[in-house]
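Below you'll find the structure, written out as structure tokens, and then a few comments.
Any read-out appearing in this document is the output of simple, stated calculations on the displayed coordinates, not a laboratory observation. Everything numeric in this text was worked out from a predicted model, so none of it was measured. All Cβ positions, even for glycine, are placed from backbone atoms using ideal geometry, and neighbour counts span all protein chains on display.
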Amino acid sequence: MANPLSEFLRSYLSVGIFVGLSFVLFGLLMVISWALRPNRPQAGKYINYESGVDPVGSTWSQSQVRYYIFALLFVIFDVEAVFIFPWATRLEAYGTFGLIEMFAFITILILGLVYAWRKGVLKWA
Amino acid sequence: MLSVILQDTPIPISANPVIETPEIVWSSLAPHLILILGGILLLTLVSLLRGKAPSWFHAAWTVVVAGAALGSLWPLWSRVQEDGPQTLIAGAVGLDGFSLFVTGIICVSVILSALLLEGYLRRENLVGPEWYVLMLLSASGGVIMASANDLIVLFIGLEILSVAAYVLASMHSRRISSSEAGLKYLILGAFSSAFLLYGIAMTYGATGSTNLVRIQQFLVDTVLIKNGMLLAGFAFMIVGLGFKVAAVPFHFWAPDVYQGSPTPISGYMASGIKAAGFAGFIRVFVVTFGGTYAQQWRPMVYALAVLSLLVGAYMALIQTNVKRMLAYSSIAHAGFILIGVTVATDKGTSAALFYLLVYAFMVTGSFGVVGIIGREGDGKHSLDDYQGLGKTRPGLALIFAVFLLAQAGVPFTGGFLSKFYVINAAVAEEQYVLAVIAMVSAVIAAYLYLRIIVSMYFAGADDHGVSPEMANPPAKKVPAGAAIALGIAVFATLWLGIVPDTVTSVANEAVARLVAFQG
């Protein structure tokens with residue numbers, strides 16, 4: 001008689017096999033590349049890789065706190081795009097109701113933008 | 001396998017050109033719409049006027065908007081009485097006595113908190129519309145939660161409610177403890193929301209719907225042979241909702257958040273947000289799972305109620321910060337309301353509703369007094385700061401004493417009757433142990449409230465070497481808005497204790513019903 005619990009656990013067995021395989025594959029690749037590659041250490045090779053430019057200064061640097069407001073505004077309009085694109089592709093299907101609904105949505109976002117604008121968030125200075 | 005799926009399902013571009021849109025009874029959504037539009041309009045108006053609005057304008061607007069939402073409940077109430085509960089927006093939102101009653105509690109809490117906030121913000125030099133906008137939007141989320149007929153709508157309401165509350169908790173920008181409160185509330189709140197959502201997903205997996213009516217119908221029609229997933233869904237949803245109502249053992253955020261938040265906001269959290277959380281609790285568990293699965297979830301809620309009653313009352317005793325005391329006592333009060341939930345009868349529900357209403361008045365009033373005594377910086381909340389208050393500010397001390405005695409459950413206050421109705425509902429279901437535990441908790445908590453009163457009236461200069469005049473210098477006048485709010489709260493607390501019939505008869509008819517959508 002099949003025990004339902006062991007059946008349940010057996011389906012996890014394949015997950016375990018895959019995890020084990022990934023470790024084996026990783027180790028194998030590392031060993032092969034270690035055996036094949038030439039080994040010539042130089043000081044320049046130990047510098048952090050920064051897309052080809054020599055790194056300058058400390059890693060602790062300040063960034064403008066303003067950027068967080070831009071990030072917030074970006075999120076608002078990013079979400080807007082997420083909703084508007086699917087709506088626009090099926091505009092006819094949603095009919096007048098969908099049109100009004102989308103205008104209500106955009107209006108609320110615009111009012112948020114008005115608030116941000118009057119707060120002076122959009123000024124660069 | 002994949003190729004088969006791809007071949008067999010062409011994308012139906014013109015198969016169904018018009019998507020059916022639900023019919024919406026806009027007039028029945030009046031409280032929701034008034035609160036949301038009121039909040040958005042306030043933000044737009046004030047940002048367009050840019051500082052030309054007087055400082056009292058925001059609070060006055062908020063009171064008018066919440067008052068209008070409260071007023072819109074009367075015609076809706078008579079509509080429910082005549083035509084019975086209805087379902088709106090394709091069965092996603094329901095209109096019944098229960099949702100209207102909870103909406104009323106939330107509106108009352110917004111009005112009182114807005115009045116208290118006005119003077120507080122002027123004192124702290126933080127005047128701005130954002131507080132009131134966030135409070136109105138948060139309240140609209142609570143109203144959505146109270147009228148949700150669908151688990152997803154419930155979750156959306158909860159998020160609207162909570163996200164605004166996270167910001168409100170951290171709005172006192174100069175107090176570091178306020179930012180701490182906001183951050184703690186955000187992280188733990190997000191965690192608990194995830195639990196709730198996971199519970200909703202499991203319930204959906206077990207029953208095939210997120211609509212409460214269909215879930216209820218499914219459970220009546222079908223006998224689940226393996227109900228493990230449904231029970232796991234119960235457990236997760238109880239964790240999520242238990243967090244929002246601050247029930248032990250999901251209460252750890254409450255003392256820190258209530259203590260750190262701006263004091264009038266703590267009052268709003270303890271009244272409005274708690275009411276919305278309990279609305280969700282009752283709607284999901286008592287109404288939807290009340291019949292067929294009551295035996296499965298009731299022990300869990302029973303344990304929450306007992307733990308909240310005892311741990312809340314005991315932990316409140318050993319605090320020296322009055323705001324923290326009130327936070328722990330609000331956990332004990334949540335335990336009392338959970339008794340009304342766990343008996344899972346209409347009697348229990350109406351007792352819980354009455355309790356929530358009385359508690360809204362008591363707790364916003366208490367936090368209002370604490371906010372005034374906290375003085376500039378909102379930091380004087382130690383028990384020592386209340387020494388000699390009876391001499392230096394007799395009026396304020398008397399009002400605070402009324403609120404504390406009411407919370408302790410002294411007769412002729414609403415606090416006594418609310419406890420009485422809840423225990424009565426437990427006794428009617430023969431839950432004698434629960435009733436005894438509730439009474440023990442009330443006795444323990446009474447000592448706590450008396451401790452504050454003793455400190456106000458009887459502690460003299462000898463105790464700590466601080467003269468009453470030094471601890472509480474004769475202070476400025478209480479701001480007008482706060483005076484009105486405290487007056488209303490005291491009046492309501494006493495009135496509900498002496499002539500409760502008008503409200504209890506309404507609470508008895510405010511039963512929650514699910515109505516199937518006739519599509």
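Computed quantities for the displayed model
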{"read-out": "Charge dipole of the protein assembly as shown about the Cα centre (unit charges at C-beta), most positive-ward option of A:LEU25, A:ILE106, B:ILE318", "value": "B:ILE318"}
{"read-out": "Residue order, fewest to most surrounding Cβ atoms within 10 angstrom, among B:VAL341, A:VAL15, B:VAL46, B:VAL443", "value": "A:VAL15, B:VAL443, B:VAL46, B:VAL341"}
{"read-out": "R0 of 51 Å, Cβ-Cβ distance B:ILE19-A:LEU28: FRET efficiency to nearest 0.05", "value": "0.40"}
{"read-out": "FRET efficiency, B:SER177 to A:GLN42 (Cβ-Cβ, R0 56 Å, nearest 0.05)", "value": "0.55"}
{"read-out": "Assigned charges on the beta-carbon of Lys, Arg, Asp, Glu; chain B dipole about Cα centre (debye)", "value": "980 debye"}
{"read-out": "Whole-number percent relative contact order across chain B, with pairs defined as alpha carbons under 8 Å at least 6 apart", "value": "17 percent"}
{"read-out": "Table column - 3J(HN,Hα) (Hz), region B:118-133, Karplus curve with 6.51, -1.76, 1.60, x for Gly and Pro", "value": "4, x, 4, 5, 5, 5, 8, 6, 10, 4, x, x, 4, 4, 6, 4"}
{"read-out": "The protein assembly as shown pair-distance distribution - Cα-Cα, 20 Å bins, rounded %", "value": "17, 46, 27, 9, 1"}
{"read-out": "Region B:195-309: projected area of the alpha-carbon convex hull, averaged over directions, in nm²", "value": "7.2 nm²"}
{"read-out": "Two-site label geometry, B:THR502 and B:VAL515: point separation in nm, points 7 Å out along Cα→Cβ", "value": "2.7 nm"}
{"read-out": "Sequence ranges B:253-261, A:30-38, ranked by mean other-Cβ count within 10 angstrom, highest first", "value": "B:253-261, A:30-38"}
{"read-out": "Within chain B, longest stretch clear of exposed GluC sites (Glu not before Pro) (DSSP loop, no more than 13 other Cβ within 10 Å)", "value": "B:24-375"}
{"read-out": "Label point distance in nm, B:LEU317-B:SER55, each placed 7 Å from Cα along Cα→Cβ", "value": "4.3 nm"}
{"read-out": "Label-point gap, in nm, between B:LEU33 and A:LEU73 - each point 7 angstrom along Cα→Cβ", "value": "3.3 nm"}
{"read-out": "Unsatisfied cross-links (Cα-Cα over 22 Å) in the set B:LYS226/B:LYS347; B:LYS244/B:LYS323; B:LYS184/B:LYS244", "value": "B:LYS226/B:LYS347"}
{"read-out": "Per-residue average of Cβ from other chains inside 10 Å of A:108-121", "value": "3"}
{"read-out": "Rounded, prolate or oblate (a/c below 1.5 giving rounded, otherwise prolate when a/b exceeds b/c) for chain A by Cα gyration tensor", "value": "oblate"}
{"read-out": "Cut-off of 10 Å, at most 16 other beta carbons, DSSP loop: longest stretch of chain A lacking such trypsin sites (Lys or Arg not before Pro)", "value": "A:1-89"}
{"read-out": "Shape call, region A:66-118: gyration tensor on alpha carbons, a/c limit 1.5", "value": "oblate"}
{"read-out": "Region B:148-199: trypsin sites (Lys or Arg not before Pro) in DSSP loop, at most 12 other beta carbons within 10 Å", "value": "B:ARG174"}
